[in-house]
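Everything below concerns the one structure shown next.
Here, each number is a calculation from the coordinates, and none is a lab measurement. No experiment lies behind these values; they were computed from the predicted model shown. Because the Cβ atoms are built from the backbone with ideal geometry, glycine has one as well, and the counts that use them run over all protein chains shown.
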């Protein structure tokens, strides 16, 4: 909103300056009005100058500025102040038809009094004024020129005659249109109500989705706990005396039953046990995965593949990511790559 307000202000100021640059009377438009408009009381203080004198003063000012380029700074400052004083006396311009238009030279005066002076900018400013004057069309239509147009447009061939008979819509068609319009109003009102009160159904749907998601997550977690409990019941702590060979066998058995999640867990244990048997790390069940990874940070050949193995295991085991046979086979490749690494 603030951006639109800023653009609006810039546009308003631009239009204000444009109206000051080119002012049009009832008879003629001319760029002599550039940057001009002062209070009427100031326009009466000095006698008006003619249009020719105005543009002669523009040319003489530009020439004087060009001649200042070779002068020292003190003389340049004094010369510009003198030119500014001359322009302050220009308060009105008289046209050949004896119409007088007030002008405001304050912009030119301010540019001439800028300190330090910028002669190049001043020369460019007066060049632009002169170029606009030279390019502006000299022959402009006046009110007298367009007066014959009124007589031409008054001719019969330019007059539109209203038909004597107008089409009147049949009553049944008017009722049909009214019914259609009423239906559209009802639909618009219904859409508005749905958009306003539709938040309640969305909230209810979100609650239902959250509840269903929580149910499936808890069910998957309970199955995992049951599986671990069953394994513990079969032989106390099944992982206490686990070897790399035993971990691989359990992984193969679980994958054959379609339990790819637990199979990936045993493949991960198999990887750690193999590295321990090779002397590349010390297998400690109390360590976290990040601690295991830091323990081999000095062995980049091992740390890279092990990081991939741990990442997949974390997503599957702790993130409950869905696992299918293709994912399991891909994980086997990561484990085999890690097993082949040497220090």
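For residue 152 paired with residue 336, estimate the spin-label separation in nm (one decimal), with each label point 7 Å from Cα along the Cα-to-Cβ line.
Here the modelled spin labels are 9.3 nm apart.
With 10 angstrom as the radius, rank 160, 317, 172 by how many other C-beta atoms surround their C-beta, starting from the fewest.
Sorted ascending by nearby Cβ count, the order is 160, 172, 317.
Between residue 299 and residue 98, 0.36 nm times their residue separation minus their Cα-Cα distance comes to what?
62.5 nm
To make sure I understand, if each residue's beta carbon is the centre and we count other beta carbons within 10 Å, what order do 248, 68, 169 fall in, fewest to most?
169, 248, 68
Arranged by the count of other C-beta atoms within 10 angstrom, fewest first, what order do 334, 107 take?
The order, fewest Cβ neighbours first, is 107, 334.
If I model a spin label at residue 56 and residue 216 as a point 7 Å from the Cα along the Cα→Cβ vector, what separation in nanometres do I get?
So the two model labels end up 9.3 nm from each other.
Given R₀ = 56 Å, FRET efficiency for residue 121-residue 185 by Cβ-Cβ distance, to 0.05?
0.35
According to a simple spin-label model (label point 7 Å from Cα along Cα-to-Cβ), what is the distance in nm between residue 278 and residue 145?
9.6 nm
By how many nm would the segment from residue 315 to residue 77 grow when fully extended, if each residue of separation counts as 0.36 nm and the alpha-carbon distance is taken off?
77.9 nm
Could you sort the peptides 279-292, 114-127, 257-270 by per-residue average Cβ neighbour count (10 Å cutoff), highest mean leading? Write out the running numbers ahead of the final one.
Working: 279-292: 12.6, 114-127: 14.1, 257-270: 20.9.
The peptides rank, most packed first, as 257-270, 114-127, 279-292.
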